[in-house]
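Worksheet: one structure, shown below.
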Amino acid sequence: MEFMRIETHTITHLQEWLGKTETLQDTVTAAPVRALSATLDRNDAAPRSGSLLPELWHWLYFLPHARQSEIGPDGHPKRGGFLPPVPLPRRMWAGSRVQWLAPLTVGDEIERVSTIESVSHKAGRTGDLIFVLVKHEISNSRGLAIIEEHDIVYRDAPGPDDKPVAPSVAATAAPTDAQWSKVITPDDVLLFRYSALTFNGHRIHYDRQYVTKVEGYPGLIVHGPLIATLLVDLVRQSIPDCTLKYFEFRAIRPTFDIHPFKVNAKPDLEKDPSGKTISIWAQDHEGLLTMQATAVLN
């Protein structure tokens, strides 16, 4: 397949978005919290005003609300607006780094200020890649609560021999020394519910004909943020009443709904003898690493 080539003038144009900001307001309402708890099969107490919002559940808020006429053929909003109009069709949430300065609670009025921090180009083995780094700062009435860096990667369309793996990442065996593990069996309903909760119209997560016939994948793709949330949820289940002050994850390979996958964790005592640094990872049915993450507890 002949891949699209990104010209220098295109990169220069995209870098005009550097420093661009967007400010959004929202309210931490209880209904999405109840819904995600049910989706994750948790038996949580009903959230009420003042209930702490679990870590990463801020992804339930500040959702994109593009009009139907503004949706592209893949279910994503069309290019442009706050994010730069990258001319590559495949978009992936490649990772994040999240720092909690203070908790959010149900009932909070919250504001998110987002900034385009960088736009960079790399020629990968599957064609050109565009990396966009977005910084989010979330505040409530008590001040700044969350700082997040969000990595977005854009890729070319798939070819007949294009393998469904993350850009420039070779297959890596997952560690086998987990202290805590949980098997997740993804299905259409789980992926639909999470897509609905996050107002994510990307068809790779719910449209099996599209993802197999157009994108060339073997099955529906499990959302990266959902896997990251499941990783943190494993830590919450394994270490009751813990809270996080930092979390980072990097997507390695796609996870498909056609096989169960596993989330794993262990204290990284080599890095932190106190046991507050937790190494977390996800693996597919073949034992290959699909997501790598680290959490730091308060």
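Take segment 1-160 with all the other protein chains still there, run a 1.4 Å probe, and you get 50 Å² of accessible area per residue. Accessible surface computed residue by residue for segment 163-297, with neighbouring protein chains in place and a 1.4 Å probe, gives 45 Å² per residue. The accessible-area ordering, largest first, of the residues Met92, Met291 stands as Met92, Met291, per a 1.4 angstrom probe. Summary value for the chain: 19 percent relative contact order, contacts being C-alpha pairs under 8 angstrom separated by 6+ residues. Sequentially through segment 46-60, phi angles give Karplus couplings (6.51, -1.76, 1.60; θ = phi - 60°) of 4, x, 9, 3, x, 5, 5, 7, x, 4, 6, 6, 5, 5, 7 Hz, Gly and Pro residues having no value and appearing as x. In straight-distance terms, cross-link reach from Lys266 covers every one of the aspartates and glutamates whose alpha-carbon lies under 17 Å from its own, apart from those fewer than eight places away in the same chain; here that gives Asp177, Asp233, Asp241, Glu248. The accessible area of Arg142, taken with all protein chains in place and a 1.4 Å probe, comes to roughly 150 Å². Rounded to the nearest whole Hz, the Karplus-based 3J(HN,Hα) values (6.51 cos²θ - 1.76 cosθ + 1.60, θ = phi - 60°) of segment 279-287 follow the sequence 8, 10, 7, 10, 9, 8, 5, 8, x, with x at glycine and proline.
Could you derive backbone 3J(HN,Hα) for segment 171-177 from the dihedral phi with the Karplus parameters 6.51, -1.76 and 1.60 (θ = phi - 60°), listing whole Hz in sequence and x where the residue is Gly or Pro? Whole-Hz 3J(HN,Hα) from phi for segment 171-177: 5, 10, 5, 6, x, 10, 10. Label sites at Gln25 and Leu144, each approximated as a point 7 angstrom past Cα along Cα to Cβ, lie 2.1 nm apart. Of the candidates Thr12, Thr255, Thr21, which one comes out as most mobile in a Gaussian network treatment of the chain with C-alpha springs shorter than 10 Å? Judging by the Gaussian network model, the answer is Thr12.
Taking all protein chains as present, what is the carbon and sulfur share of the accessible area of the chain, in % to the nearest whole number, probe 1.4 Å? All intermediate terms of the calculation are to be shown ahead of the outcome.
Details: 7420 of 14320 Å².
Its accessible area is 52 percent carbon and sulfur atoms.
Proximity of backbone amide H atoms, modeled 1.01 Å from N, is registered between Ile110 and Asp26, Thr27, Val28 at under 5 Å, excluding neighbours fewer than 5 places apart on the same chain.
Helices in the chain, meaning DSSP H runs of at least 4 residues, each add -39500 (n - 2.57). Divided by all residues, the mean residue ellipticity at 222 nm is -4500 deg cm²/dmol.
Listed by chain and number, the lysines placed with their C-alpha closer than 24 angstrom to that of Lys78 are Lys20, Lys122, Lys135, Lys213; residues fewer than eight positions away on the same chain are left out. The distance between label points at Arg67 and His9 comes to 3.2 nm (points 7 Å beyond Cα on the Cα→Cβ vector). Computed extension gain for Phe82 through Glu16, at 0.36 nm per residue and net of the alpha carbon distance, reaches 22.6 nm.
The values are calculated or read from the model by the stated rules, or taken from the named source; none is laboratory data. Since the model is a prediction, treat every value here as computed from it, not as a measurement. Cβ: placed from backbone, ideal geometry, glycine included. Neighbour counts: every protein chain shown. Heavy atoms of the whole protein, side chains included, go into the accessibility calculation; ligands, DNA and RNA do not. Shrake-Rupley method; radii C 1.70, N 1.55, O 1.52, S 1.80 Å.
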